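The values are calculated or read from the model by the stated rules, or taken from the named source; none is laboratory data. These numbers come from a predicted model, not from an experiment. In this analysis, Cβ positions are derived from the backbone assuming ideal geometry, glycine residues included, and neighbour counts consider all displayed protein chains.
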Amino acid sequence: MKIRIKGNSIRFRLTRTEVKTLCTYGRFEERTEFDDTFFSYAVAVSSEVGQLTARFKDNTITFLLPKNELGDWETNNRVGFQNTLHLENGKELFLLLEKDFACLENTAEDQSDNYPNPKAC
């Protein structure tokens, strides 16, 4: 899973295997280790939310996706889910959860588990 954070915008991109894990088990999580701590980011299916939402607790950003929206995401053409949260401090937090497509340009990154790019010829 890739994570991109810029200001009040968070984007998670999942490979085919990660989407399959999410659809099968209802959760996928990754962890980045530091000397004395860690940072985690996860996606979990929840029947308690009505739209894509996020929480930050115990060094973990978790996207919560409504169970009824996940459906057959593993096999359908839906690219992803998005939502803008209105925070108590008056600011907004934009969330984007999407399938990870192969880059159109050459890259050293392993893309063998990415979805085929729909813009590729």
Looking only at the stretch 5-28, how many residues end up being of a type in the set (Lys, Arg) and either more than 14 Å from residue 82 (Cα to Cα) or not in a strand (DSSP E or B) (or both)? 4
Might you check whether a residue that is touching a Lys or Arg at 6+ places or on another chain (Cβ under 8 Å) and at pLDDT 95 or above occurs anywhere in the stretch 104-113? no
Of the conditions (1) at positive phi; (2) under 11 Å from the mean Cα position of the chain (by Cα), residue 82 clears all except one; give me its number. (1)
So which residues in the stretch 57-96 are assigned to a strand (DSSP E or B), among the hydroxyl-bearing types (Ser, Thr, Tyr) and out of contact with any Leu (no Cβ under 8 Å at 6 or more places or on another chain)? 60, 62
Could you check how many residues of the stretch 1-28 are under 16 Å from residue 72 (Cα atoms) and either surrounded by fewer than 18 Cβ atoms within 10 Å (Cβ to Cβ) or without any contact (Cβ under 8 Å) to a residue 12 or more places away in the chain (or both)? 9
Pull out all pairs, ordered by first then second residue, where Cβ-Cβ is under 8 Å, the residues are six or more apart or on different chains, the first lies in the stretch 29-56 and is part of a strand (DSSP E or B), and the second is of a type in the set (Gly, Ala, Ser) and surrounded by 12 or more Cβ atoms within 10 Å (Cβ to Cβ). 29/40; 29/42; 30/40; 30/42; 31/40; 32/40; 44/26; 45/26
